[in-house]
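Read the structure below first, then the notes.
The values are calculated or read from the model by the stated rules, or taken from the named source; none is laboratory data. None of these values were measured; they are calculated from a predicted model. Virtual Cβ from ideal backbone geometry, glycine too; neighbours counted across all protein chains shown. Note: areas computed on protein heavy atoms with side chains; ligands, DNA, RNA excluded. Shrake-Rupley method; radii C 1.70, N 1.55, O 1.52, S 1.80 Å.
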Amino acid sequence: MMVLGTLTSNGIGITIYPILSKFWSTRNFDDFLHYFNKSIRIILLLTIPISFFFFFYGQFFISIIFERGKFTKETTESVSQALKYSLPSFVFQGIGTVLVKLYYI
């Protein structure tokens, strides 16, 4: 989950922070809200399709990456089920990346 979050939303959060800070410090709240909303929409457009993809095909990727040695098919199914339950946190982690930047501002 952390790797997916880092690849999708951290880059957006890091690049949007100076832009939002500039608009906040100059009291340009219209542009601030515009870019804030845009960053949230971009993160949602990235994370929701990825979540659906891993919901339906996660077991396949888990078996390719991990299934060898003592990591059996039953273990793959259990990890896949756990991944399905934790996918909403991936979406909210992406949104949280931008929301945390608001506290820094």
> Here are some conditions: (1) surrounded by 12 or more Cβ atoms within 10 Å (Cβ to Cβ); (2) free of Cβ contacts under 8 Å to residues at least 60 places away in the same chain. Arg41 meets all but one. Which one does it not meet?
Replying inline: (1)
> Restricting attention to the stretch 21-35, does a residue exist that is within 30 Å of Phe55 (Cα to Cα) and touching a residue at least 24 places away in the same chain (Cβ under 8 Å)?
Replying inline: no
> With respect to Thr47, is the statement that it is polar (S, T, N, Q), open to solvent by 70 Å² or more (accessible area, probe 1.4 Å), assigned to a helix (DSSP H, G or I) and at pLDDT below 95 true?
Replying inline: no
> What number goes with the only condition from (1) surrounded by 17 or more Cβ atoms within 10 Å (Cβ to Cβ); (2) outside any helix (DSSP H, G or I) that Ile16 does not pass?
Replying inline: (2)
> Got at least one residue in the stretch 19-38 being in contact with a Lys or Arg (Cβ under 6 Å, 6 or more places away or on another chain) and buried (at least 17 other Cβ atoms within 10 Å of the Cβ)?
Replying inline: no
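Got a sec? Which of Phe56, Phe92 is open to solvent by 90 Å² or more (accessible area, probe 1.4 Å) and within 14 Å of the chain's Cα centre (by Cα)?
On the way: Phe56 fails: within 14 Å of the chain's Cα centre (by Cα).
Only one candidate passes the filter, namely Phe92.
Just checking, how many residues over the stretch 69-87 are in a helix (DSSP H, G or I) and open to solvent by 70 Å² or more (accessible area, probe 1.4 Å)?
First, the residues of the stretch 69-87 that are in a helix (DSSP H, G or I): 73-87.
So of that shortlist, the ones also open to solvent by 70 Å² or more (accessible area, probe 1.4 Å) come out as 73-74, 77-78, 81, 85.
Total meeting the criteria: 6.
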